[in-house]
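Student: Please find one structure pasted underneath; my questions will follow.
The values are calculated or read from the model by the stated rules, or taken from the named source; none is laboratory data. Predicted model, so just to flag it, every value in this text is computed and none were measured. With ideal geometry, Cβ positions are generated from the backbone for all residues, glycine too; neighbour counts draw on all protein chains shown. Side chains are part of the model used for accessible areas, which takes the heavy atoms of the whole protein and leaves out ligands, DNA and RNA. Shrake-Rupley method; radii C 1.70, N 1.55, O 1.52, S 1.80 Å.
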Amino acid sequence: MISTTLLVENKKMSNLTWFGVGGCSKYYLQPSSEENLVSFLKDNQLDLPIYPLGAGSNIIIRDLGFNGIIIHFNKLKEIFIDKQGIITAYCGAMDADVARFARNHSKTGLEFLIGIPGTIGGGIKMNSGAYGSEIKNILIDVTAINKNGILKSFTVKDLQLDYRTNKLSHEWMFLKARFKSSNGSKEQIQKKMKEIIQSRKMSQPTGQKTGGSTFMNGKNFKAWELIDNSGCRGLKNGGAVISNKHCNFIINENNATATDIETLGEIVRKKVFEKTGKKLKWEIKIVGEK
Ligand SMILES: Cc1cc2nc3c(=O)[nH]c(=O)nc-3n(C[C@H](O)[C@H](O)[C@H](O)COP(=O)(O)OP(=O)(O)OC[C@H]3O[C@@H](n4cnc5c(N)ncnc54)[C@H](O)[C@@H]3O)c2cc1C
């Protein structure tokens, strides 16, 4: 049966997330095609929560692991373009690959994706953005799938994408998405992408075990400023540290556990609240058993 042969039991998750921490997932599935995924979900008899995973660049999986099924979308990554110039990407495609695909077809508007180290699925979930654009600006619609293997299409309006959030029920996992773009010059697109990459190297820690921005900005504040003003730059807990370069980033500096990282985040939230009265909200998703 497809359902059982595809499933891996007690899968170690730490090397599948950027932080490099966390326990095992009770079950793990890495579908290699849409049909694979649909038939697994239709046949699945396990009464356990299901959680989609992309590139693991915005997530902490707790040390005690996840008592459910993690569906890893990273093999569903085909990208194509139709005669009208609409780009379709499966949701396990890396954002940067979609940016390069658009450039190769002289399509502009997707350059910002070059700097986001996640997948299209994670990008839609988080309405990821950078350098003046966000997923909301380029997405036309997405085909999603639920735990019963039912497919449904949602327009960008249906999703109500906002700063790092969407309003769609958690029961839906993103499978493939269609993006709009305009015709552009390959050279100009390449130039813009190069500038984005350079600029990120200057402002963010690179080559580190991190989850990107830890907390969301508020309407009237930048999370990093509150963290800095509350004396948290460089703060450590176990093997985890608040980056000196960008203090809204937590780094797994020295064999941190997921608990070290989560606790450091909570210490920062407390210090910021005591100093400014503002409650920081986690941007990073935290998953698993306590
Ligand atoms: C160095 C660094 C720099 C970063 N810079 C930026 C930036 O500039 N802008 C920005 O917005 N973010 C940034 N991030 C955060 C992160 O890269 C984005 O949020 C990214 O879109 C997450 O994608 P992912 O595939 O890694 O998602 P994951 O971390 O795997 O998952 C994040 C969330 O998305 C959900 N998800 C993943 N795939 C699917 C799917 N197919 N269907 C439904 N839900 C899904 C997961 O369940 C989880 O809730 C940065 C992170 C790092 C480490």
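Student: Expressed as a whole percentage, what fraction of the accessible surface of the stretch 1-140 belongs to carbon and sulfur atoms when a 1.4 Å probe is rolled over the protein heavy atoms?
Tutor: The C+S portion of the solvent-accessible surface of the stretch 1-140 is 51 percent.
Student: Still on this model: Calculate how many DSSP beta bridges within the chain are antiparallel, expressed in % of all such bridges and rounded to the nearest 5.
Tutor: Of those bridges, close to 75 percent are antiparallel.
Student: So what does GLU253 come to for accessible area, using a 1.4 Å probe and Å² rounded to 10?
Tutor: Probe radius 1.4 Å; accessible area of GLU253 about 100 Å².
Student: Using the Karplus curve 6.51 cos²θ - 1.76 cosθ + 1.60 with θ = phi - 60°, what ³J(HN,Hα) values do you get for each residue of the stretch 78-87, in whole Hz, with x for Gly and Pro?
Tutor: Couplings: 5, 10, 8, 9, 9, 5, 7, x, 7, 8 Hz.
Student: Looking at the stretch 1-108, which trypsin sites (Lys or Arg not before Pro) are DSSP coil and have at most 15 other C-beta atoms within 10 Å of their C-beta?
Tutor: LYS75, LYS83
Student: Additional query: For the stretch 55-71, in order, what is each residue's ³J(HN,Hα) by Karplus, 6.51 cos²θ - 1.76 cosθ + 1.60 with θ = phi - 60°, in whole Hz (x at glycine and Pro)?
Tutor: 8, x, 9, 9, 8, 10, 9, 5, 4, 7, x, 10, 8, x, 10, 8, 9
Student: Rounded to the nearest 500, what is the 222 nm mean residue ellipticity of the chain from helices alone, with -39500 (n - 2.57) per DSSP H run of 4+ residues and division by all residues?
Tutor: It comes out at -8500 deg cm²/dmol, rounded to the nearest 500.
Student: Bin width 10 Å, origin at 0, all Cα-Cα pairs of the chain: what percent of pairs per bin?
Tutor: P(r) over the chain, rounded to whole percents: 6, 27, 33, 24, 8, 0.
Student: Using DSSP to define loop residues, name the trypsin sites (Lys or Arg not before Pro) in the stretch 136-226 whose beta-carbon has at most 10 other beta-carbon atoms within 10 Å.
Tutor: Passing sites in the stretch 136-226 are LYS167, LYS219.
Student: Give me the net charge of SER185's neighbourhood, meaning all other residues with Cβ under 13 Å from the Cβ of SER185; Lys, Arg count +1, Asp, Glu -1.
Tutor: Net charge around SER185: +3.
Student: On to the next question. Considering only the other residues whose Cβ falls under 10 Å of the Cβ of ASN146, what net charge follows from Lys and Arg at +1 and Asp and Glu at -1?
Tutor: Charge balance in the 10 Å sphere: +1.
Student: A follow-up question, please. Quick one, could you list the DSSP H helices from the chain stretching 15 Å or more along their long axis (Cα atoms) with average Kyte-Doolittle hydropathy of -0.5 or above?
Tutor: 258-276
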